[in-house]
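Chemist: Attaching a single structure in structure tokens format; questions to follow.
The values are calculated or read from the model by the stated rules, or taken from the named source; none is laboratory data. A quick note: this is a predicted structure, and the numbers were derived from the prediction, not measured. Each accessible area value is taken on the protein alone, full model and side chains, heavy atoms only, with ligands, DNA and RNA left out. Shrake-Rupley method; radii C 1.70, N 1.55, O 1.52, S 1.80 Å.
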Amino acid sequence: MSNPFEAVWNTLKTSMDNMNEPKSPLNIVEAGDCWKYLTIMEEFIRYEESGLNTTADDEVKEMLLGCH
């Protein structure tokens, strides 16, 4: 690799060339992983909200609000 800019350019050019190709649909495992991720994030938000609503400690509130 003679030039880092050339390497970046080639990578971008390759990714742009692939944009015109049709995307394959998700298989069942990938779709299940997407649903699992969504469920985990929704549960995390509920636990975070309950932590914010039940604590009087300013340090805990700052820690929970620092995640956003």
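Chemist: Looking at segment 43-68, which of its residues are of a type in the set (D, E, K, R), open to solvent by 90 Å² or more (accessible area, probe 1.4 Å) and over 20 Å from the mean Cα position of the chain (by Cα)? Please lay out each step first, then the result.
Modeler: Step one: filter segment 43-68 for residues of a type in the set (D, E, K, R), giving 43, 46, 48-49, 57-59, 61-62.
Cutting the leftovers down to open to solvent by 90 Å² or more (accessible area, probe 1.4 Å) gives us 43, 46, 58-59, 62.
Those that are of a type in the set (D, E, K, R), open to solvent by 90 Å² or more (accessible area, probe 1.4 Å) and over 20 Å from the mean Cα position of the chain (by Cα): Asp58, Glu59, Glu62.
Chemist: Among the residues of segment 11-22, is there at least one that is open to solvent by less than 90 Å² (accessible area, probe 1.4 Å) and modelled with pLDDT of 85 or more?
Modeler: Checked against the condition, which is being open to solvent by less than 90 Å² (accessible area, probe 1.4 Å) and modelled with pLDDT of 85 or more, segment 11-22 yields no hits at all.
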